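The values are calculated or read from the model by the stated rules, or taken from the named source; none is laboratory data. Owing to the predicted nature of the structure, the values given are computational and were not obtained by experimental measurement. Heads up, the Cβs are rebuilt from the backbone with ideal geometry, glycines too, and the neighbour counts pull from every protein chain shown.
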Amino acid sequence: MHARARVAVAAAALLCLGGLPLAQDAPQPWIHVEVVGGAEEGNVSVNLPLAAAEVLASMIPPERIGGGAIQLTDTGVSVSIPAVRKMWSQLMDAGDAEFITIEHEDDIVRVARSGDEIEVRMARGGEAETAEMRLPVAVVDALLSGDGDSLNLRAALDRLGELRGDIVRVREDDRRIRVWIDEVPQP
């Protein structure tokens, strides 16, 4: 019995080791989240193969990512997914444009389409705190490609897997947040 177990373990090891060169030849996308905070918050670094992020996303209950509406958490407002699709279609027909500009005291928020990307830029207190997000139109198209009242998170993650570089950058007084995709397991 012990001999059979050793043979099984050896065979499994050979199969795994034999697959390593193939796995190494095809680079896999990694998603990285880095938060460098002040003394109270500390630092956080998350490095996941995008495939693992897809598994995590599959564990999210459907009512959290769809259920017919997008919940705007702190507002108590919900927007139907079909309405979001319709609005998205109208925005895409408009081409390159600045869709939203909000200026209040020292705060500025801008949402625009430039080429194949949606850009969101926020500045608070002049330039002291900024946030920038660039999201390819194809990722939003994929997310909204679900049927009826559902979002297609899987398709959006597949599109993200085609990207390389920064997705989100936030700079505040003493905190930095960066989200990016590359083919390196650790930055």
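Observations, loosely collected:
- Only one of the listed residues (Ile177, Ile81, Ile181) is among the β-branched types (Val, Ile, Thr), surrounded by 12 or more Cβ atoms within 10 Å (Cβ to Cβ) and modelled with pLDDT of 90 or more. That residue is Ile181.
- The helices (runs of 4 or more DSSP H) located wholly in segment 71-187 that include 3 or more residues which are farther than 17 Å from Trp30 by Cα and not charged (D, E, K, R) occupy 81-93, 137-143.
- Test: Gly115 is surrounded by 15 or more Cβ atoms within 10 Å (Cβ to Cβ) and either in contact (Cβ under 8 Å) with a residue 40 or more places away in the chain or under 30 Å from Pro49 (Cβ atoms) (or both): no
- Residue match in segment 113-125 (condition: modelled with pLDDT of 80 or more and either of a type in the set (Ser, Thr, Tyr) or within 13 Å of the chain's Cα centre (by Cα) (or both)): yes
- Flag if Val46 is β-branched (Val, Ile, Thr), under 21 Å from Ile181 (Cα atoms), assigned to a strand (DSSP E or B) and at pLDDT 85 or above: yes
- Glu63 being of a type in the set (D, E, K, R), exposed (fewer than 13 other Cβ atoms within 10 Å of the Cβ) and at pLDDT 80 or above: no
- Selected residue (only one of Asp74, Asp107, Asp96 is farther than 24 Å from Asp158 by Cα and at pLDDT below 55): Asp74
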